[in-house]
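Structure first, commentary second.
The values are calculated or read from the model by the stated rules, or taken from the named source; none is laboratory data. Keep in mind that what you see is a predicted model, and the values were worked out from it rather than measured. Ideal geometry is used to build each Cβ from the backbone, glycine not excepted, and the neighbour counts take in all protein chains shown. Ligands, DNA and RNA are stripped out before the accessible areas are found, and what is left, the full protein with its side chains, is counted by its heavy atoms. Shrake-Rupley method; radii C 1.70, N 1.55, O 1.52, S 1.80 Å.
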Amino acid sequence: YLEEINGKKIVMVTLAIPIKKDGKFLGVIGVDVAQDYFMNIVNNCKPYEGGYGFLLSNDGMIVAHPQVNQIGINIFKSEKEFHNKIGTKQSIDNGKIFNFTKVSSISKENMIYQGTPFKIGETGEKMAFVVTAPLNMVMEKANKIKIIFIVIAVIGILIIGGVAYFSVIPFASSMNTCANHSLEFSKGNFKDTISLECLKVNDERGIMSNAFFTLSNNIKNIVGEIRISSESVASSSEQLSIEMQNIANGDF
């Protein structure tokens, strides 16, 4: 509230506590705090360049402000429609942090405001300390942080992509080698073999290459045995044919 002292209007805050004894009301003890006390608090708050803080009572009166002519103004009345819409008073009463943006009547800039309600001792009453700063400066720092995060994300994607690329390429190469061997085997060419480099790799590529190498060797052995057996059968058939011819000619 405003109180006139020595012809000068001063914003005062009264903290009052009732005195009771055995349930009987005896009186009230209170302390009056002048705005100078609060001015020291708000003057030390200078966020960003051009930012400032001010103290707001629960009924909307500016208790302390860097601009002296703003002290005593009730923003719930001077900007009634705006603060009713965003529910500033309800936020203070409920102890909830609130924020809003609007053009400052002082700097004429678009400003961002954030208020933090607090209790006044054990009185149950609340006030709010509101910090404001030019929106473009706040967003500038936010955009710088966003750019940093984007750069970090891009670097991370490149690293992951590089790891994936250099992991997939060798695997794809091994798959391609095995596919080419399979194609050659299907054509009956068993001379082509898997390189020792592929066989020595100590991961899934090496396991796959060794398995294919073993399979190809087994196929080679089986085909070799079949060829030997075929040649033996052919030789026996030829010998049997000669003997049958001799019998037919009476050479026995």
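So which of K96, K102 is assigned to a strand (DSSP E or B) and under 32 Å from the mean Cα position of the chain (by Cα)? I'd like the intermediate steps shown before the answer.
Working: K96 fails: assigned to a strand (DSSP E or B).
It is K102.
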Could you list, in sequence order, the residues of the range 120-139 that are among the polar types (S, T, N, Q) and open to solvent by less than 50 Å² (accessible area, probe 1.4 Å)? T132
Does the range 138-156 contain any residue that is modelled with pLDDT of 85 or more and in contact with a Gly (Cβ under 6 Å, 6 or more places away or on another chain)? no
Within the range 118-140, track down each residue that is in contact (Cβ under 8 Å) with a residue 60 or more places away in the chain and farther than 26 Å from F38 by Cα. M137
Can you name the residue in the range 4-18 that is in contact with a strand residue (DSSP E or B) (Cβ under 9 Å, 6 or more places away or on another chain) and open to solvent by 70 Å² or more (accessible area, probe 1.4 Å) and is also modelled with the highest pLDDT among such residues? P18
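Just one of F54, F76, F38, F25 is within 26 Å of M137 (Cα to Cα) and either touching a Gly at 6+ places or on another chain (Cβ under 6 Å) or aromatic (F, W, Y) (or both); which is it? Let's see the steps before the verdict.
Working: F76 fails: within 26 Å of M137 (Cα to Cα); F38 fails: within 26 Å of M137 (Cα to Cα); F25 fails: within 26 Å of M137 (Cα to Cα).
Among F54, F76, F38, F25, only F54 is within 26 Å of M137 (Cα to Cα) and either touching a Gly at 6+ places or on another chain (Cβ under 6 Å) or aromatic (F, W, Y) (or both).
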Sort out which residues of the range 104-123 are at pLDDT below 75 and not acidic (D, E), and write them in order of number. S105, I106, S107, G121, T123
Being out of contact with any strand residue (DSSP E or B) (no Cβ under 7 Å at 6 or more places or on another chain), of a type outside the set (S, T, N, Q) and open to solvent by 20 Å² or more (accessible area, probe 1.4 Å), is that true of even one residue in the range 109-119? no
State whether one or more residues within the range 91-108 are basic (K, R), open to solvent by 70 Å² or more (accessible area, probe 1.4 Å) and in contact (Cβ under 8 Å) with a residue 24 or more places away in the chain. no
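Looking at D36, D59, which is the one that is within 47 Å of the chain's Cα centre (by Cα), modelled with pLDDT under 85, of a type outside the set (G, A, S) and not in a strand (DSSP E or B)?
After ruling out the rest, the residue left standing is D36.
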